[in-house]
Each structure stands twice: as C-alpha cells, then as structure tokens.
Amino acid sequence: MHQPAKRILILDNGGTVSMKRIEGSLSPVDGKEDILKLIYQIKYPVEIEYLKVNSIDSTNLSPPVMKLLYDAIVENYSLYHGFVVLTGTDTLAYLASFLSFWLLETHSPVVITGSQKPLNELGSDAPGNIYYSILFARENIPGVSVFFWQKLYRGNRVTKVDSRGFDAFDSPKYHPLGYVDAFDLRIYSTLESFFRPFKKEKFRYAWSPHVTVVKLYPGFNPKLLKILPGMGYKGVIIEAFGLGNLPDEGEYSLEEAVKDIVNRGLIVGICSQCLKGAAQVEYDTAKRFERLDVVFLRDITPEAAYAKLSWLSGLSEDREWIKNKLPEAIAGEMSIGDE
C-alpha cells in the first residue's frame, strides 16, 4: 500500500554547515542554495521544505536567538511530521538542551545537526549529517535528538568532544538512540518507552539571564562565588571535581563561600567535570556541602545543567520550587537510579 510522503521542515540556523571561506576564513553566509541542491537529491518518500532562520556563527547564539527556532517549530508543529535543525557545532549542545526543555513532551522528532566542514567544500561531513538527519526525522522518534557522524543521540546528553574531527560529539553518560551503517538506519528497540510519550505537549519558552556556570580548578578563589549575588545572579552551576567534590579545607576552601551565597538566596547545582560518571555524595567533602543545601545533579552534562536551571528560573521565582525541580529527571537529561 502506498504511504503518503512525510513532511519535514529544515530550519537553517547558520553555523559552519552553511558558511563559505572568504579571504581565508570561514564567514556566515546564506547557504540556502547549497542546502537545497542536496535536499533535491533525496529519493526517499519525503516532502521537504526549508526555512532560513539565521545566518550566524554559533558563538553568537544566545537563548533569545534560540527562541527564533523554538517559535518556528511551535508555529509549524501541526504541519510537519518532523524537523531538522542545522546549526553551528560550538553551541549545539546548549541549543539541544534548551530545546529539550522548551519542547517538553513533543510527539514530533526534532533532529539537530551541523558539520565540521562547510557543505560547499569537497570532503565535507555536511551531506551525510543532513541526509541521515532527514531520514531519522521521518521515523517515529519523538523528542529532541542530535545526529552527528553516523550516530543519533539524545539531545540533552551530548557534548562536543573534538574541535576538528568529524566525530565531534559524544554522549559519554548515555547510550546512542540509533546509528547508521552501509545498509540502513538502526534504532535501539530498548528505547521504546522513550519513543512513545503519552503525555500532552508542554511547550514553554523560558530562560533567566541570572544563572551562571563556574568550573573549579586547584586554587579557585572563593571570592569569585561571593560576588555572584551582588551581580544579580540567582543560581549557579558548579562544575566540581570527580564525584562532585569541592575543597573544604585551607585557604581555598569553598565551604564558607557556598554557605554565604546559599543564605543570600542563590540556588547551587553541582555537576561533575568528568565526561563519565556522576556527581553524588560519596566523600566527606561532598557531605559537608550537601548539608549546605546544594543540589547534586548526578550524570547531567554542564550544558544541560545550565539550560535546566536557567529554564526553571525563567518559569518561576519560587526558590523552593526551583530547588525541588532541579534534581528531577524532567526531559531525560539525567539518569534515575541505576538507569
């Protein structure tokens, strides 16, 4: 029986994929012509439309700029089976994390991709990334995902691990959703529960500019935390050592500084600097900070931790509500127990 072609909307946000080399350096341009040439070669039963949203270097991406993509998806949500977002790789993990919260419980596939080399250059990884993203967007895989170099990942679990290589992204703390080989798309059947959400969509754009991220290092000055309330910040994600440990002795102890900013109303979330593993209370140093009312965020990535706290802080000013929601697994961004 002949099946109607599924409609896919490609949203072009700019980035390397649509850049061109001008006087020796890559510059944002309108790469619509090159992208459309590629799209027209796809023979699968699919109806593709294209919408240019931005022509920017992804280092200039911010949540208000991301909102243009969110708005385009929401406005066209009922018209298409799935969406493919083309964007720059440097901030791709942040975009994927924000969209996963803004498009909570989406029943449509939203596949984000990009490239390390512009589409118009010989040997580019862009054609394969775009082509397979479109094919995965045809499947029934609801949620925000990232396709890059043969693998499909949950969007809020990825991080960029290589600044030059084609295999630029990984999801060290959560297995891929699928992959491609020489013959077909492969989707992991064990993810059936993730594929089929039964809840109604909860689309809510929100973000707060009063959330920041700090990364610890030996000799980190506690005063850098103490100045945050005076700068108007309401929340901070601390990328701590190992299992979520922070220094608690000597000149560079953070115990007093953390106690001070918590008492002044800041929400403090703790994630690990490690690519694998989780932030959890195992050592005495972590227990000391747990008693100060900080939140340990298990195996969340720093990108998703920032997006989550920013989103929650944009939804409400109720500190207790935010603090209670922060450790919950809301959009698949962190594991539950031994998941």
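The values are calculated or read from the model by the stated rules, or taken from the named source; none is laboratory data. Only a predicted model underlies this, so the values are computations on that prediction, with no experimental measurement involved. Note that we place each Cβ from the backbone using ideal geometry, even for glycine, and neighbour counts take in every protein chain shown.
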Of the residues Arg204, Arg138, which is surrounded by 16 or more Cβ atoms within 10 Å (Cβ to Cβ) and charged (D, E, K, R)? Arg138
Check Glu239 against each of (1) more than 30 Å from Gly82 (Cβ to Cβ); (2) touching a helix residue (DSSP H, G or I) at 6+ places or on another chain (Cβ under 9 Å); (3) assigned to a loop (DSSP other than H, G, I, E, B) and name the one condition it does not meet. (3)
Cβ contacts < 6 Å: first residue surrounded by 13 or more Cβ atoms within 10 Å (Cβ to Cβ) and β-branched (Val, Ile, Thr), restricted to the stretch 314-331; second residue at pLDDT 95 or above and not in a helix (DSSP H, G or I), any location; separation 6+ or different chain. Result? Ile322/Ile267
Taking the condition of being within 17 Å of Ile8 (Cα to Cα), in contact with an Asp or Glu (Cβ under 7 Å, 6 or more places away or on another chain) and part of a helix (DSSP H, G or I), how many residues in the stretch 51-92 meet it? 0
Selected residue (criterion: nearest to the chain's Cα centre (by Cα)) from residues of the stretch 93-126 that are closer than 14 Å to Asp12 by Cβ and either surrounded by 24 or more Cβ atoms within 10 Å (Cβ to Cβ) or of a type in the set (D, E, K, R) (or both): Leu95
What residue, among those in the stretch 163-183 that are free of Cβ contacts under 8 Å to residues at least 60 places away in the same chain and within 16 Å of the chain's Cα centre (by Cα), is surrounded by the fewest Cβ atoms within 10 Å (Cβ to Cβ)? His175
